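Please read the structure below before turning to the comments.
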Amino acid sequence: MMCCMAHAGRSSGPANQARSAEIIRRVQAIPEGFVRTYGDIDPHAPRHVGQVLSASSEDMPWHRVVRSDGSLAKGRRQRSLLRKEGVPMRGDRVDLRLARMSAKS
DNA sequence: GCGTTGACTGGAA
DNA sequence: TTTCCAGCCAACG
C-alpha cells in the first residue's frame, strides 16, 4: 500500500504539515497529571518534537513532554508546572514509572 | 541541493 | 549512578 503518498513529495506538501500537526495533536492529548516522552510522540524524529513545540503557541501542555529518562528539557520552569498538576516526580526528574502514558491513545 | 542546528535517544565508558 | 559519543530526522538559510 504505497498509493497514499506515493508521489506526495517531501517539500511544501500536505503530508509535511501533517507531521507537525500530529505532534501537536498528541501533545494536547496528554491528560493532566501524566507525561510522555519525545520518543513516544514521534519515535522517528524526537528532535523535531521539541522544535515544533518551541515554534508553537503556549496554549498546549508542552511541559508534559519530557525526555526518555524522565529529565526535563526546560528544567526548573517545567518542573514547577508538572509538580503543580500532580505529576509524580523524583527530585528534578519525572517518575515515568507512574506518569508515563501508553505509546498511543 | 547542501550544510548547520535542535526542548532527542540509546549504548558505552 | 553519571557523563560522553555517534546516529537520526526534519526544518531553516
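Each reported figure results from applying straightforward, stated rules to the coordinates on display, with no laboratory input. From a predicted model like this one, the values you see are computed outputs, not experimental measurements. Reconstructed Cβ throughout: ideal geometry from the backbone, glycine too, with neighbour counts over all protein chains shown.
Quick rundown of the values:
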quantity	calculated
The range A:15-105: trypsin sites (Lys or Arg not before Pro) falling in loop per DSSP and having at most 10 other Cβ within 10 Å	A:Lys104
FRET efficiency, 1/(1 + (r/R0)^6) with R0 30 Å, evaluated for A:Ala73 and A:Ala18 via beta carbons	0.80
Placed amide H near A:Lys74: partners under 5 Å, 5+ positions off or other chain	none
Using a Förster distance of 25 Å, the FRET efficiency for A:Arg83-A:Ala103 (Cβ separation, nearest 0.05)	0.50
The range A:18-100: GluC sites (Glu not before Pro) in DSSP loop, at most 13 other beta carbons within 10 Å	A:Glu32, A:Glu58
